[in-house]
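Colleague: Before we start, here is the structure in question, set down as structure tokens.
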Amino acid sequence: MNANPAIPPNIAALLPTLPTRPGCYLMKDGEGKVIYVGKAVNLRNRVRSYFHATQQLSPRIRRMVEKIADIEWIIVDSELEALILEMNLIKKYRPHYNVRLKDDKRYPYIKVHWGDDFPKVTVTRQMVQDGSRYFGPYTSVWAVHQTLDLLRRIFPYLTCDRVITGKDERACLYYDIKLCSAPCIGAIDRENYRQMIADLCYFLEGHTEEIVARLKSKMEKAAESLQFEQAAVLRDQIRAIENVVEKQKVISSEMTDSDVIALARDNGDACVQIFFIRGGKLIGREYFLLEGAEETPDSTVMAEFIKHFYDQAATVPDQVLLPHEVEEAQIIRQWLSQKKGSQKVEISVPRAGIQQELIQMAAENAAQTLATLKIQWEVDTHRQEQALEELKEALGIEKPLNRIECYDISNTQGVAAIGSMVVFEKGTPRKSHYRRFNIRSVSGPDDFASMEETLERRFRRWLAAQESEKSPGKKPDAAFAILPDLVIVDGGKGQLNRAIRVLERFNLLDRVSVVSLAKQQEEMFLPHRSDSVLLPRHSQGFYLLQRIRDEAHRFAITAHRKLRTKQGLSSRLELIPGIGPVKRKRLLQRFGDLESIRNASLEELTSVAGITPELALQIKSNLE
């Protein structure tokens with residue numbers, strides 16, 4: 001007999017069978033979706049506690065327990081392995097009831113391609129074990145590019161795709177404006193170029209004293225040798241570094257390299273601020289927003305943040321300073337030390353002195369950041385409402401535009417045609433409802449027919465969703481179960497006519513508004529109107545239209561490129577407009593294979609007969 005009637009029979013039968021070893025458990029709802037991932041030293045004791053001590057759980061976790069329909073588990077050999085597996089599973093499933101970083105897949109890094117003879121510096125969104133050095137994650141792509149602009153003025157690294165021999169006849173324009181050190185013409189050799197990039201890495205790590213000392217020594221030697229031009233370059237480099245260092249807040253020359261972390265919360269929203277202290281100076285700070293933190297204790301929220309942040313962080317400091325103790329501190333300390341490799345990482349809760357003042361400063365910054373963001377969110381909400389009202393008025397639509405769907409077609413000369421559907425709800429993207437359609441019934445480059453097929457299949461699935469609601473069975477795709485208030489098709493009147501034809505076929509023309517959007521002037525064409533509608537160019541409605549159309553185009557292009565790769569086309573050169581058999585043969589004779597053509601610079605491509613600068617750009621954009 002079930003001792004607790006609230007426990008589903010299948011769960012009650014499962015609990016005694018759970019192993020008593022370390023591992024991770026995955027809670028699933030009635031649809032089989034993972035809603036929570038946890039870890040335990042003893043799986044049986046930990047999982048049973050959710051069902052036999054419910055009054056000790058937070059309201060949020062009690063709501064989660066009510067939804068549990070199944071439980072899976074994975075056994076590991078140690079608590080440390082369980083912690084690492086838990087983080088990977090949370091990244092994979094992004095369960096609703098786990099605390100996690102918001103939009104963590106988007107965070108950019110600065111990547112130094114150290115494995116190359118002449119390393120470049122780029123921006124990437126993922127770290128791979130390829131011998132490169134990484135710095136980040138950062139929360140703002142704009143801030144990363146601002147940093148790179150500064151770095152390039154101090155350490156003029158190369159950005160082109162030339163094969164560096166040191167024997168090119170002339171350098172590019174960037175050398176003339178002092179944004180490249182020109183190893184291509186031998187203006188700097190491999191050893192000195194790599195030393196410059198190493199200095200760039202030290203600079204990003206906040207350790208500038210050694211760089212400045214070495215540059216001053218080189219400057220003095222250059223002056224003694226009467227190499228005044230070289231000495232002036234080094235002098236300017238030193239000044240640029242010192243100007244940056246002057247703006248960094250000096251904390252304490254005795255303080256070890258540390259990350260200072262503090263938390264601010266407001267009505268379910270949570271913001272963490274990190275100060276990066278290196279060499280006794282505050283060299284930077286970042287903030288991160290958290291999801292799933294409602295009704296969760298601060299100690300748990302902070303522990304989850306530390307795990308997720310340092311799982312993605314390129315470096316781990318000697319010391320992490322926190323405002324209070326965190327759960328699992330010992331195992332987190334062990335894991336951080338393992339990641340750092342060289343020495344133990346200290347986790348401290350300072351009670352007084354400069355370190356405690358830093359914690360307080362970080363907490364105040366987190367609270368201010370959260371308050372500023374909430375104001376911005378309110379402003380954005382107002383803008384979205386204004387944009388939707390302007391769009392309604394321009395189109396003469398009376399009902400609210402809660403759901404807008406936009407459709408675009410992408411193909412290359414009719415090959416690998418893709419129809420894209422993007423969804424905006426109340427003026428913001430609903431990315432989980434984006435869908436792609438591989439065009440099946442159209443031969444050749446016929447965007448009109450492709451659009452008709454895309455819309456036909458979309459509304460056929462809506463019809464199927466309505467039928468499935470009348471009889472139990474497989475749950476329909478939520479993206480198709482709701483009718484849009486407005487359909488936007490990318491193109492002119494021809495595309496509009498195809499969209500009208502589909503809506504008429506499903507008897508939806510009186511329920512779904514439809515317009516086509518021409519690229520040139522953002523003109524909107526409406527059914528049964530000969531003239532187009534134009535929104536004011538600086539209106540919120542105009543900006544919303546642009547954003548929706550650009551998102552549909554981006555989504556279609558991305559899908560099209562993936563499909564082309566998947567299909568394994570015999571020669572991607574054949575798909576590039578303007579590349580016929582003669583030019584294709586010349587390119588292959590000059591470079592040998594597709595990979596070499598992809599890696600060639602624009603200058604090298606235009607050296608082939610018949611390849612204009614415009615065509616070279618087309619080749620690069622299609623092959624990259």
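The values are calculated or read from the model by the stated rules, or taken from the named source; none is laboratory data. The structure presented is a predicted model; accordingly, all values stated were derived computationally and were not measured. Using ideal geometry, Cβ is built from the backbone for each residue, glycine included, and neighbour counts are taken over all protein chains shown.
Colleague: Say we look at the range 117-152 and pick out the residues that are exposed (fewer than 14 other Cβ atoms within 10 Å of the Cβ) and among the charged types (D, E, K, R); which of these is farthest from Ile274 (Cα to Cα)?
Modeller: In this case the residue turns out to be Asp117.
Colleague: Do we find that Ile211 is hydrophobic (A, V, I, L, M, F, W, C), outside any helix (DSSP H, G or I) and closer than 27 Å to Gly115 by Cα in this structure?
Modeller: Details: hydrophobic (A, V, I, L, M, F, W, C): yes; outside any helix (DSSP H, G or I): no; closer than 27 Å to Gly115 by Cα: yes.
Against the criterion (hydrophobic (A, V, I, L, M, F, W, C), outside any helix (DSSP H, G or I) and closer than 27 Å to Gly115 by Cα), Ile211 does not qualify.
Colleague: Select from the range 138-181 the residues that are in contact with a strand residue (DSSP E or B) (Cβ under 6 Å, 6 or more places away or on another chain) and part of a loop (DSSP other than H, G, I, E, B) and write down the one among them that is farthest from Asp116 (Cα to Cα). It would help to see each step written out before you state the result.
Modeller: Within the range 138-181, the first condition is being in contact with a strand residue (DSSP E or B) (Cβ under 6 Å, 6 or more places away or on another chain), and the residues that meet it are 139, 144, 157.
Add one more test, that the residue is part of a loop (DSSP other than H, G, I, E, B), and what stays is 139, 157.
Working: Thr139: 27, Tyr157: 13 Å.
Ranking the candidates gives Thr139 first.
Colleague: Testing Ile277 on (1) over 20 Å from the mean Cα position of the chain (by Cα); (2) outside any strand (DSSP E or B); (3) under 20 Å from Glu346 (Cβ atoms); (4) of a type in the set (A, V, I, L, M), one condition comes back false. Which one is that?
Modeller: Result: Ile277 passes all but (2).
Colleague: Which members of the range 209-233 meet the condition of being farther than 25 Å from Val250 by Cβ and under 39 Å from the mean Cα position of the chain (by Cα)?
Modeller: Across the range 209-233, the qualifying residue is only Val233.
Colleague: Could I ask something else about it? Residue pairs, Cβ under 7 Å, 6 or more apart or interchain, first in the range 519-545 and of a type in the set (S, T, N, Q) and assigned to a loop (DSSP other than H, G, I, E, B), second buried (at least 18 other Cβ atoms within 10 Å of the Cβ) and modelled with pLDDT of 85 or more. List them.
Modeller: Ser532/Met524; Ser532/Phe525; Ser539/Glu390
Colleague: Separate question: Mind telling me which of the residues Val212, Val250 ends up being in contact with a Lys or Arg (Cβ under 8 Å, 6 or more places away or on another chain), free of Cβ contacts under 8 Å to residues at least 40 places away in the same chain and either of a type in the set (Ser, Thr, Tyr) or closer than 30 Å to Pro317 by Cα (or both)?
Modeller: On the way: Val212 fails: in contact with a Lys or Arg (Cβ under 8 Å, 6 or more places away or on another chain).
It is Val250.
Yes/no per residue for (1) over 34 Å from the mean Cα position of the chain (by Cα); (2) modelled with pLDDT of 85 or more:
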residue	(1), (2)
Val502	yes, yes
Arg505	yes, yes
Val512	no, yes
Val515	no, yes
Glu522	no, no
Leu526	yes, yes
Leu535	no, yes
Phe542	no, yes
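Colleague: I've got another one for you. Could you tell me which numbered condition Ser217 fails, if it satisfies all but one of (1) assigned to a helix (DSSP H, G or I); (2) closer than 13 Å to Phe203 by Cα?
Modeller: Here Ser217 clears every test but (2).
Colleague: Sticking with this structure for a sec: Out of Val41, Val47, Val76, report the one residue that is surrounded by 19 or more Cβ atoms within 10 Å (Cβ to Cβ), at pLDDT 90 or above and more than 25 Å from Asp269 (Cα to Cα).
Modeller: Working: Val41 fails: surrounded by 19 or more Cβ atoms within 10 Å (Cβ to Cβ); Val76 fails: surrounded by 19 or more Cβ atoms within 10 Å (Cβ to Cβ).
Answer to the selection: Val47.
Colleague: Sticking with this structure for a sec: Out of the range 85-127, which residues are more than 18 Å from Lys33 (Cα to Cα), touching a residue at least 40 places away in the same chain (Cβ under 8 Å) and hydrophobic (A, V, I, L, M, F, W, C)?
Modeller: Leu85, Leu101, Ile110, Val112, Trp114, Phe118, Val121, Met127
Colleague: Show the residue pairs meeting these rules: Cβ distance below 6 Å; 6+ apart or different chains; first residue within the range 368-380 and closer than 16 Å to Gln273 by Cα; second residue aromatic (Phe, Trp, Tyr).
Modeller: Within 6 Å, the pairs are Thr369/Tyr287.
Colleague: Which residue is nearest to the chain's Cα centre (by Cα), if the candidates are limited to the range 348-401 and must be in a loop (DSSP other than H, G, I, E, B) and of a type in the set (Val, Ile, Thr)? Give the steps one after another, and end with the answer.
Modeller: So the first thing to find is which residues in the range 348-401 are in a loop (DSSP other than H, G, I, E, B), and the list is 349-352, 396-401.
Now restrict to residues that are of a type in the set (Val, Ile, Thr): 349, 397.
Working: Val349: 32, Ile397: 36 Å.
Among those that are in a loop (DSSP other than H, G, I, E, B) and of a type in the set (Val, Ile, Thr), it is Val349.
Colleague: Criterion first (part of a strand (DSSP E or B), in contact with a helix residue (DSSP H, G or I) (Cβ under 8 Å, 6 or more places away or on another chain) and among the aromatic types (Phe, Trp, Tyr)) does Tyr287 satisfy it? Write out each step before concluding.
Modeller: Details: part of a strand (DSSP E or B): yes; in contact with a helix residue (DSSP H, G or I) (Cβ under 8 Å, 6 or more places away or on another chain): yes; among the aromatic types (Phe, Trp, Tyr): yes.
So Tyr287 fits the description; yes.
Colleague: Looking at (1) buried (at least 16 other Cβ atoms within 10 Å of the Cβ); (2) at pLDDT 85 or above; (3) in a loop (DSSP other than H, G, I, E, B), which one does Cys184 not meet, given that it meets all the others?
Modeller: Single failed check for Cys184: (3).
Colleague: Yes or no: the range 405-423 includes at least one residue that is surrounded by fewer than 21 Cβ atoms within 10 Å (Cβ to Cβ) and either within 17 Å of Ser516 (Cβ to Cβ) or at pLDDT 90 or above (or both). Write out each step before concluding.
Modeller: Residues of the range 405-423 surrounded by fewer than 21 Cβ atoms within 10 Å (Cβ to Cβ): 412-415.
After this cut, where a residue has to be either within 17 Å of Ser516 (Cβ to Cβ) or at pLDDT 90 or above (or both) as well, the list is none.
Checking the range 405-423: not a single residue is surrounded by fewer than 21 Cβ atoms within 10 Å (Cβ to Cβ) and either within 17 Å of Ser516 (Cβ to Cβ) or at pLDDT 90 or above (or both).
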